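The next block holds one structure in the form of structure tokens; read it before the comments.
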2 protein chains.
Amino acid sequence: MDVVYVDNNATTRVAPEVIEAMLPYFGQWFGNPSSMHTFGGTVGRKLQEAREKTAAFIGAQPEEIIFTGCGTESDSTAIHAAIASNPEKKHILTSRVEHPAVKNLFEHLSKKGYRTTFIPVDRQGRLDMEALEKSLTEDTAVVSLMWANNETGVLFPIETIAPMVRDRGIVFHTDAVQAVGKIPMDVKAAGVDMLSLSGHKIHAPKGVGALYVRKGVKYSPFLIGGHQERGRRGGTENVASIIGMGRACELAADHLKMQSERVRGLRDKLEKGLLDAVPKSMVNGDRENRLPNTTNISFEYVEGESILLMMDRLGICASSGSACTSGSLEPSHVLRAMGVPFTAAHGSIRFSLSIYNTEQEIDFIIEKLPPIIAKLREMSPFWKP
Amino acid sequence: MDVVYVDNNATTRVAPEVIEAMLPYFGQWFGNPSSMHTFGGTVGRKLQEAREKTAAFIGAQPEEIIFTGCGTESDSTAIHAAIASNPEKKHILTSRVEHPAVKNLFEHLSKKGYRTTFIPVDRQGRLDMEALEKSLTEDTAVVSLMWANNETGVLFPIETIAPMVRDRGIVFHTDAVQAVGKIPMDVKAAGVDMLSLSGHKIHAPKGVGALYVRKGVKYSPFLIGGHQERGRRGGTENVASIIGMGRACELAADHLKMQSERVRGLRDKLEKGLLDAVPKSMVNGDRENRLPNTTNISFEYVEGESILLMMDRLGICASSGSACTSGSLEPSHVLRAMGVPFTAAHGSIRFSLSIYNTEQEIDFIIEKLPPIIAKLREMSPFWKP
């Protein structure tokens, strides 16, 4: 199947270099890193290397990295650790545009007796910093804010937020699943307490994630079991995928410049091409402070699902809102929080690129999509040209 | 490295057929199963096939299977679901010989206000059924008992226990991580409410597990996030590993006869060979009701760690107690619960075979190990020949 894959915020192709790094750890070096024998110990050393690579990529120490099963587990672990370590505090704070991994957990905790604040965003998806500052109290256990939005790519000013939160003695966690690998990142410079990342967004496989926990931050395990990860996360380590993740972090470091130049260039070309060719189209989200690979475009008076289906016939893979909330006909909670009008939110498409996309693919979309929109609008009862 | 690997209860080689099944889902069919496009949908269908295969292997319906990140996550999910669904009940029950995934979680819950009962076992590792029955109360939220012990292979009579527990309106969970694939299993015939399994114990990769939840059993998610697994476990599915797990379940079904005949024959040969050649050696655990692949042998008056090191030089990979608790010099909690004398518990070695072991490997161990024991005993201050 020949596809034009511009859905990299949903998931990414595993890099050939990553597959190569993983392969020996399935059938050949399959030992348990906890075993006493050399065969297991060899695997343990490779695990440590992967930990060092992952840590180095975000400016952390190896022992500050806990490998998990996915970004969602990283988020749950961070938020649970923060509230378990501050049992007297009953207020938790996030934004209205978080990924379901944080949003749904906050809604769950709200039913369990936590007072929850969801900070609003403006029309451009920018966080209301004043509301944030006003909402921080002595009772606040944790603030969890995403670094980059998965649907729009809009960046929150984490470097400004982190010290503001931590100065008040509040734990600060950031879900950086979409930001990692697309923009430079240094957890020390940013000053965050905890940071979630996910393998399958950076060309490692699905089923592996990591959580950075700054040395000194109080911690309590979410997955309780064996002594793995220094007693911070039970369960036999996902060896091959963790080794893949280490390799993916090395590659991502090498590719950061490519992200900010080539990928950004392709994204901008796609965006301009579509906006120029399609009337009543607009970009959702702050175009200045945004991931280089993402554009979220509303084509008014058409259904996003219909656009996706028509593109799908041509092999173009994109997304309307987050894949994690698909199956629902409601407009995305992110675009609603931004106040995007109903007619525009319904017709929004997220294009998310990777280093594997080509100029030809972008040209193909710019050629094929505008006639699709025109055709769908002809059938729409709301469209008045 | 040429190894004789008899540590299959710690982890197993990923089967070549499993690697073959997984490979296309890294670099080629890498879509997100939640995506609306055909490319993602194709992956979603393969995921469903894997679910059907996994379910069929244990006699479940596909929708009764929830894929997780590991056996530990399955155990945590089951126990949390049971107590979250029965918030008024404050008593939980397990045995003294569980895997750390259950044991440590119970100890944690005991600190959180739960009354916990750890049912003892006898000298053969058999559960005290009378104590179990007497301990069940109206306040009991969940009973969690392993199907097969990871250190001794001793089987608990799950088919007898499950109805006894469920008849009293108590949720029954079994950690079947070590039993699955080694003995025939039918969750309906056994009558369990929830059952944990792990991929890497049945020749699938590390980092994937499953939880069977019987239709009708009250459930509440542990990992809260996206709508994956019908809203029962958030997080992008570990696609390649889940597909590998489905294939591993098919293979395991084909190999059940081989487990009960060839693997059992090799294990019995190894056991007899070592007991005959080494004085003051004995098998720990009920030899009748035991996994066909496991033998736990105590060589009195020697340190298990020293035996392991000497075997390691010859490339023989075995274990003293569970790999999940290694690094500790304490004798195994399982052997202590069985009342194995200190001098014997310290010198216990677990040999756990798989279908990949050969007669030659068994002969090699029978030839090489007895002289090692003799040499170590010569150096022991406690040994009087």
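If you scale each eigenvalue of the Cα gyration tensor by 5 and take the root, what three semi-axes come out for the range A:270-315, rounded to whole angstrom and sorted largest first?
For the range A:270-315, the semi-axes come out at 20, 13, 10 Å.
Please compute the net charge surrounding B:Arg233, taking Lys and Arg as +1 and Asp and Glu as -1 over other residues with Cβ under 11 Å from its Cβ.
Taking every Cβ under 11 Å from that of B:Arg233, the sum is -2.
At q = 0.18, 0.20, 0.21, 0.22 Å⁻¹, what base-10 log of I(q)/I(0) does the Debye formula yield for the range B:138-208 when every alpha carbon is treated as an equal point scatterer in vacuo?
Each listed q maps to, in turn, -0.68, -0.81, -0.87, -0.93.
Just by accessible area at a 1.4 angstrom probe, what is the order of A:Arg123, B:Arg287 from largest to smallest?
B:Arg287, A:Arg123
Taking the Cα atoms only, what angle lies between the long axis of helix B:38-58 and the longest principal axis of chain B, rounded to 10 degrees?
Tilt relative to chain B: about 50 degrees.
May I have the convex hull volume per residue, in Å³, for the Cα set of the range A:46-187?
It is 113 Å³ per residue.
In a shell of Cβ-Cβ distance under 11 Å around A:Pro371, excluding A:Pro371 itself, what net charge do Lys and Arg (+1) and Asp and Glu (-1) give?
Result for the local shell: +1.
Just to verify a number: what accessible area does A:Ile366 come out at with the full protein assembly present, 1.4 Å probe, Å² rounded to tens?
Rounded to the nearest 10, the figure is 40 Å².
Averaged over peptide B:23-30, how many Cβ atoms belonging to another chain are found within 10 Å of each residue's Cβ?
The per-residue average across the peptide is 5.
At a 1.4 Å probe, what is the % contribution of carbon and sulfur to the accessible area of the range B:16-254?
49
Using Cα atoms only, what is the angle between the long axis of helix A:304-313 and the major principal axis of chain A, expressed in degrees (0 to 90) to the nearest 10?
So the helix axis and the longest Cα principal axis differ by about 90 degrees.
How about the range B:326-379: which chymotrypsin sites (Phe, Trp or Tyr not before Pro) there are in a DSSP loop, with at most 16 other Cβ atoms within 10 Å of their Cβ?
B:Tyr356
Determine the order of A:Ser332, A:Ser110 by accessible area, beginning with the largest, at a probe radius of 1.4 Å.
Result, largest first: A:Ser110, A:Ser332.
Hand me the trypsin sites (Lys or Arg not before Pro) from the range B:143-199 located in a DSSP loop with no more than 15 other Cβ atoms within 10 Å, in residue order please.
The qualifying sites are B:Arg168.
Net charge near A:Met129: determine it from the other residues with C-beta under 13 Å of the C-beta of A:Met129, scoring Lys and Arg +1 and Asp and Glu -1.
It works out to a net charge of -3.
With everything on Cα atoms, drop me the angle between helix A:100-111 and the longest principal axis of chain A, reported from 0 to 90° to the nearest 10.
Result, in degrees: 70.
Just read off the accessible area of A:Met36 with the full protein assembly in place, 1.4 Å probe, to the nearest 10 Å².
Its accessible surface works out to 80 Å², give or take rounding.
What size of dipole, in debye to the nearest 20, comes out for the range B:1-152 about its Cα centre when the only charges are +1 on Lys and Arg C-beta atoms and -1 on Asp and Glu C-beta atoms?
Charge dipole, the range B:1-152, about its Cα centre: 340 debye, nearest 20.
Return P(r) of the range A:1-101 (all Cα-Cα pairs; 5 Å bins starting at 0; whole %; ordered from short to long distances).
Spelled out per bin, shortest first, that is 2, 8, 11, 16, 18, 16, 12, 9, 6, 2, 0, 0.
Rounded to a whole number of µm²/s, how large is the Stokes-Einstein D of the range A:114-257 at 10 °C and 1.306 mPa s, given Rh as the Kirkwood radius over C-alpha pairs?
D = 96 µm²/s.
Once a ≥ b ≥ c are taken as the square roots of the eigenvalues of the Cα gyration tensor of the protein assembly as shown, is the result rounded (a/c under 1.5), prolate (a/b larger than b/c) or oblate (a/b not larger than b/c)?
prolate
At q = 0.06, 0.07, 0.10 Å⁻¹, what is the log10 ratio I(q)/I(0) for chain B, with the Debye formula run over Cα points and no solvent?
-0.24, -0.32, -0.65
Based solely on its DSSP helices, what 222 nm [θ] is calculated for chain A when runs of n ≥ 4 H residues each add -39,500 (n - 2.57) and the sum is averaged over all residues, nearest 500 deg cm²/dmol?
The helix contribution divided over chain A gives -12000 deg cm²/dmol.
The values are calculated or read from the model by the stated rules, or taken from the named source; none is laboratory data. Quick caveat: nothing in here was measured; it's all calculated off a predicted structure. Ideal geometry is used to build each Cβ from the backbone, glycine not excepted, and the neighbour counts take in all protein chains shown. Just the protein is used for accessible areas: all its heavy atoms, side chains included, with ligands, DNA and RNA removed. Shrake-Rupley method; radii C 1.70, N 1.55, O 1.52, S 1.80 Å.
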